[in-house]
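Here's the structure we're looking at; comments come further down.
The values are calculated or read from the model by the stated rules, or taken from the named source; none is laboratory data. Fair warning: this is a prediction, and the values are worked out from it, not measured in the lab. Note that we place each Cβ from the backbone using ideal geometry, even for glycine, and neighbour counts take in every protein chain shown.
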Amino acid sequence: MSRVPRAPVDLAAITRDIKNRCARASGNIELIAQDKDPIFQDPRQIVLELVLARHEIEAAISIMKKGWWP
């Protein structure tokens, strides 16, 4: 069985997108890590930041797979 030829991919654009997503995820996590309070004042906000970071990382992984591996 033959494969359909792969469409051209802009690896530079994919790399920029992945770096931006990693920076956003890192920023969300860094804010949580730098919090000086012994107990989270707003645990819902913390959960939201963690979920957003997870989604950014999962999206980056998906984009990476599509860009480099058919």
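Checking each residue in region 20-47 for being farther than 25 Å from Ala59 by Cα and among the charged types (D, E, K, R) picks out Asp35, Lys36, Asp37, Asp42. Just wondering, is there one or more residues in region 43-51 that are within 9 Å of the chain's Cα centre (by Cα) and surrounded by 10 or more Cβ atoms within 10 Å (Cβ to Cβ)? Within region 43-51, none of the residues are within 9 Å of the chain's Cα centre (by Cα) and surrounded by 10 or more Cβ atoms within 10 Å (Cβ to Cβ). Reported count of residues in region 1-50, each being farther than 22 Å from Lys66 by Cα and part of a loop (DSSP other than H, G, I, E, B), is 9. Every condition in (1) touching a helix residue (DSSP H, G or I) at 6+ places or on another chain (Cβ under 6 Å); (2) at pLDDT below 90; (3) not aliphatic (A, V, I, L, M) is met by Trp69 except one, and the failing one is (1).
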